[in-house]
Amino acid sequence: METIIVQDTDKNILEVLTLALELENFTVYPLQDCEANFLELIDKARPHVVMLDFRIDGKKCMEILQTIKKKYPTLPVIAMSCNNNINTVALAKGFDGYIEKPFDFDLLYRILRKHISKLAVQYRHEKAD
């Protein structure tokens, strides 16, 4: 079963997103807190994808992204936002992908599975080397 860490500051969005992902058989570690120790949770949960709430200026989200990518450069990190420019901002800032709010759950599942598949291929190539 694939594991996903989901961080969103809106409790209601986090609950709906967690339920939707669990219904698709993902193991979900939901976080409302931006101050959580993400590296510790990643070490424990070994997620396939991390999803971060990219709010307004995205400053805290960017700090978390940089911390994660420094230790886990191949771990996919997806930005979630209702910002109308998230499609250009997310990739320019170093995210592996993005999903717009409100969510299109079918699109969300496709994006997650695409990144999980890429990660599996990377691990196979690393083991072969």
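Quick check, is PHE95 assigned to a loop (DSSP other than H, G, I, E, B), of a type in the set (A, V, I, L, M, F, W, C) and either in contact with an Asp or Glu (Cβ under 8 Å, 6 or more places away or on another chain) or farther than 19 Å from LYS118 by Cβ (or both)? No; evaluated as a whole, the condition is false for this residue. VAL49 meets the stated requirement of being within 17 Å of GLU2 (Cα to Cα) and surrounded by 14 or more Cβ atoms within 10 Å (Cβ to Cβ). Looking across region 55-96, just one residue is of a type outside the set (A, V, I, L, M, F, W, C), under 13 Å from the mean Cα position of the chain (by Cα), modelled with pLDDT under 95 and crowded, with 19+ Cβ neighbours inside 10 Å, and that is SER81.
Scanning region 98-114 for residues that are in contact with a strand residue (DSSP E or B) (Cβ under 6 Å, 6 or more places away or on another chain) and part of a strand (DSSP E or B), we see that the one that is nearest to MET62 (Cα to Cα) is TYR98.
Consider LYS60 against the criteria (1) more than 22 Å from LEU119 (Cα to Cα); (2) assigned to a loop (DSSP other than H, G, I, E, B): it satisfies all of them except one. Which criterion is unmet? Evaluating LYS60 over (1) more than 22 Å from LEU119 (Cα to Cα); (2) assigned to a loop (DSSP other than H, G, I, E, B) leaves (2) as the failure.
Of all residues in region 76-103, those that are free of Cβ contacts under 8 Å to residues at least 12 places away in the same chain and among the acidic types (Asp, Glu) total 0.
Residue count for region 12-36 under the criterion of being more than 15 Å from the chain's Cα centre (by Cα) and modelled with pLDDT under 95: the result is 1.
Name the residue that is nearest to GLN66 (Cα to Cα), counting only residues in region 5-41 that are assigned to a helix (DSSP H, G or I) and in contact with a strand residue (DSSP E or B) (Cβ under 7 Å, 6 or more places away or on another chain). Top of the filtered list is LEU41.
The values are calculated or read from the model by the stated rules, or taken from the named source; none is laboratory data. Small disclaimer: the values here were computed from a predicted structure and weren't measured. Cβ: placed from backbone, ideal geometry, glycine included. Neighbour counts: every protein chain shown.
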